[in-house]
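Below: one structure, written as structure tokens.
The values are calculated or read from the model by the stated rules, or taken from the named source; none is laboratory data. Please read all numbers here as calculations on a predicted model, not as lab measurements. For neighbour counting, all protein chains shown are included, and Cβ atoms are generated from backbone atoms with ideal geometry for every residue, glycine included.
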Amino acid sequence: MSKSFSNNLSYLQIAKQAGLSGNDFLRRAMDPVYRVLNGMLVVAVFMLIGLWLSGNGTNAGAFDLARILVPDEARHIVWQNGLGTTDAIKETTTGRPADQDFLANSYSRAQLDQQLGLVSAKKQTIALLMPSVAQARIKPITHLTDQIPASKMDPQALDSNLMGSIQNQRAVADFFEKKYSLDRSKIEEYVSNAVLIAKEANLDPVLLLAVMSVESNFNPNTKSYAGAEGLMQVMTSVHKDKYALYGGTSDAVKPEVNIRVGAYILKHLIASAGSLRNGLKFYVGAANAEDDGGYADKVMAERRRIMSLCQPTGSNKLTLNGKDLRS
């Protein structure tokens with residue numbers, strides 16, 4: 001009996017030791033898995049923090065760590081595209097009946113935002129000489145231009161409200177068609193894009209048209225020795241980051257892309273330089289020079305010519321925001 005009890009006790013001890021060794025083996029086997037999971041959790045937390053720091057509406061430009069953790073492309077996907085949900089919503093709206101196509105005669109930003117399920121602070125209707133330019137599936141530049149405080153903008157650079165009518169747009173198109181011997185459909189496209197993009201950027205479309213006239217004579221294929229391209233003569237190599245939103249620099253000369261990027265750069269420089277004239281000086285690359293070689297004068301003169309085309313018949317006085325432009 002004593003021997004049998006002793007044998008049972010030894011069996012229990014062996015079994016207990018075997019159980020302990022099994023648990024110990026399992027714990028040791030799971031240690032690498034736990035370490036990987038913990039590491040992934042830490043990385044995820046840092047990624048989320050970096051994404052938040054680098055997002056829109058923050059003053060986190062100095063957080064280089066956030067820029068490293070979350071590349072520009074990733075931020076664009078999350079902050080601008082909503083992880084692709086906007087494109088998905090756009091797809092669902094393409095099948096609307098023809099009688100509901102409000103873009104046939106005008107472009108309504110407010111209605112478009114409602115169709116896309118978005119909320120927009122800019123609820124305004126824009127009549128366009130060529131309405132089809134508003135149907136182009138291209139991202140607006142508003143998310144960048146809206147970050148520039150309106151208080152820093154020269155009032156002369158804001159919308160003069162002269163290009164809001166089809167009649168005035170047609171008069172301007174007639175002028176440039178004759179001046180540069182342009183194809184009618186092309187000049188209507190450029191004028192309509194200028195009006196549309198100016199509304200996106202909260203800039204004067206007359207100013208955009210004047211810059212395009214002086215910079216490129218409305219030839220989108222113009223390229224300078226320094227590497228400036230397109231209607232707005234944007235330095236493509238310098239502004240690669242801005243073209244990333246539009247798929248890269250391969251489309252840098254496309255009017256709808258080039259004007260958007262150029263409009264943002266121009267608005268940023270006007271706000272930074274403190275005035276329209278100084279902003280134009282910066283735009284032509286003469287920021288550190290004593291003068292700009294007459295560039296600002298050329299743009300301002302062309303701007304006045306365009307504005308004169310939009311004045312009511314019989315009015316010879318050019319005004320903007322109640323100020324006499326001839327003074």
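Mind checking whether some residue in region 225-236 is surrounded by fewer than 18 Cβ atoms within 10 Å (Cβ to Cβ), in contact with a Lys or Arg (Cβ under 8 Å, 6 or more places away or on another chain) and over 18 Å from Ala301 (Cα atoms)?
Checked region 225-236: no residue is surrounded by fewer than 18 Cβ atoms within 10 Å (Cβ to Cβ), in contact with a Lys or Arg (Cβ under 8 Å, 6 or more places away or on another chain) and over 18 Å from Ala301 (Cα atoms).
Considering only region 124-142, state which residues are part of a helix (DSSP H, G or I) and over 21 Å from Ala173 (Cα atoms).
Thr142
Have a look at Glu256, Glu229 and point out the one that is of a type outside the set (A, V, I, L, M, F, W, C), touching a strand residue (DSSP E or B) at 6+ places or on another chain (Cβ under 8 Å) and at pLDDT 95 or above.
Glu229
Before we move on, is Gly248 surrounded by fewer than 14 Cβ atoms within 10 Å (Cβ to Cβ), at positive phi and either at pLDDT 90 or above or touching a helix residue (DSSP H, G or I) at 6+ places or on another chain (Cβ under 8 Å) (or both)?
Yes: the conditions hold for Gly248.
Going by the structure shown, is Ser213 farther than 24 Å from His143 by Cβ, assigned by TED's automatic domain parsing to the domain that holds Leu128, among the polar types (S, T, N, Q) and in contact with a helix residue (DSSP H, G or I) (Cβ under 6 Å, 6 or more places away or on another chain)?
yes
Output yes when any residue across region 197-214 is surrounded by fewer than 24 Cβ atoms within 10 Å (Cβ to Cβ), small (Gly, Ala, Ser) and over 18 Å from the mean Cα position of the chain (by Cα), and no when none is.
Yes, there is a match, as at least one residue in region 197-214 is surrounded by fewer than 24 Cβ atoms within 10 Å (Cβ to Cβ), small (Gly, Ala, Ser) and over 18 Å from the mean Cα position of the chain (by Cα).
Residues that are of a type in the set (D, E, K, R) and at negative phi: which helices (runs of 4 or more DSSP H) entirely in region 159-235 hold 3 or more of them?
166-180, 184-201
Take the residues in region 137-165 that are under 12 Å from Val195 (Cβ atoms) and either hydroxyl-bearing (Ser, Thr, Tyr) or surrounded by 15 or more Cβ atoms within 10 Å (Cβ to Cβ) (or both); name whichever of them is modelled with the lowest pLDDT.
Ser160
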